[in-house]
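This report refers to the structure that appears directly beneath it.
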Amino acid sequence: MHLGLFDLKQRLEQTRKILREKQQVKRLIEEDIRELEKDVQELEALMNRYANSVQR
């Protein structure tokens with residue numbers, strides 16, 4: 001019985017560690033997405049300015 005309790009505590013700690021790691025990866029991915037969205041907006045603005053200057 002005691003051994004089973006130790007295994008549960010160890011598994012809980014491992015699960016918490018994995019959760020923290022996955023949350024960090026999620027934050028990094030979300031940051032990358034925000035940066036990519038910003039880049040896309042900047043590129044769209046550049047394309048619009050170029051298209052407007054060519055039409056004149």
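The values are calculated or read from the model by the stated rules, or taken from the named source; none is laboratory data. Everything quoted here is computed from the prediction, not taken from an experiment. For neighbour counting, all protein chains shown are included, and Cβ atoms are generated from backbone atoms with ideal geometry for every residue, glycine included. Accessible surface is based on the protein model in full, side chains and every heavy atom, while ligands, DNA and RNA are left aside. Shrake-Rupley method; radii C 1.70, N 1.55, O 1.52, S 1.80 Å.
Residues to consider are Leu19, Leu5; find the one that is aliphatic (A, V, I, L, M) and surrounded by 10 or more Cβ atoms within 10 Å (Cβ to Cβ).
It is Leu19.
Looking for something open to solvent by 100 Å² or more (accessible area, probe 1.4 Å) and hydroxyl-bearing (Ser, Thr, Tyr) - is there at least one such residue anywhere in segment 8-16?
no
Return the only residue of Gln41, Gln24 being among the polar types (S, T, N, Q), open to solvent by less than 100 Å² (accessible area, probe 1.4 Å) and part of a helix (DSSP H, G or I). Give the derivation first.
On the way: Gln41 fails: open to solvent by less than 100 Å² (accessible area, probe 1.4 Å).
Exactly one of Gln41, Gln24 is among the polar types (S, T, N, Q), open to solvent by less than 100 Å² (accessible area, probe 1.4 Å) and part of a helix (DSSP H, G or I), namely Gln24.
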